[in-house]
Amino acid sequence: MIQPFANLQKLGQENLNATIKAAGAFSSNAQAIANESAEFARKTFEHNTATVEKLIGAQTFEKAVEVQTAYAKGAYENLVAQSSKMGALYTALATEAFKPFEGLLSKTLKA
């Protein structure tokens, strides 16, 4: 009669440990995402500022169009690269956050 309660207590402890590990993984990955987002915002601001300075210094319409075209191309390339990085970071977040729970369902069904 006491054995099922011991199994239930062990299962509860395993679930708690998995939850604590998942919270730690979520926290560290969320911090990495926040850092990457802040760095991207900083780089984007610098790129925008440099472009405005170049546009102010443009002497001809053709030069202004050239600067704007270079800006648009660079902004697009940066966005695509950042999207790829963020996708990888979010994938890592999901993978690492759910990793502690991988074997618990089968253990729960057996208990």
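The numbers here are math on the coordinates, done by the rules we state, and not lab data. Please read these numbers as outputs of a predicted model, since none were measured by experiment. Cβ: placed from backbone, ideal geometry, glycine included. Neighbour counts: every protein chain shown.
Quick rundown of the values:
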read-out	value
Proximal lysine pairs, the chain, alpha carbons under 29 Å, eight or more residues apart or interchain	20
Shape of the stretch 26-93, Cα gyration tensor, a/c cut at 1.5	oblate
Given charges at beta-carbon only (K, R positive; D, E negative), |dipole| of the chain in Debye	480 debye
Charge dipole of the stretch 2-100 about the Cα centre (unit charges at C-beta), most positive-ward option of 89, 69, 50	89
Footprinting exposure proxy for 44, 60 (fewest neighbouring C-beta atoms within 10 Å first)	60, 44
The stretch 19-111: GluC sites (Glu not before Pro) in DSSP coil with no more than 14 other Cβ atoms inside 10 Å	102
Most mobile of 91, 51, 69 in a GNM of the chain (Cα contacts under 10 Å)	69
Filtered chymotrypsin sites (Phe, Trp or Tyr not before Pro), the stretch 32-108: DSSP coil and at most 11 other beta carbons within 10 Å	none
Relative contact order (%) - the chain, alpha-carbon pairs under 8 angstrom, separation at least six	54 percent
Helix-only CD estimate at 222 nm, as mean residue ellipticity for the chain, using -39500 (n - 2.57) per DSSP H run (n ≥ 4)	-33000 deg cm²/dmol
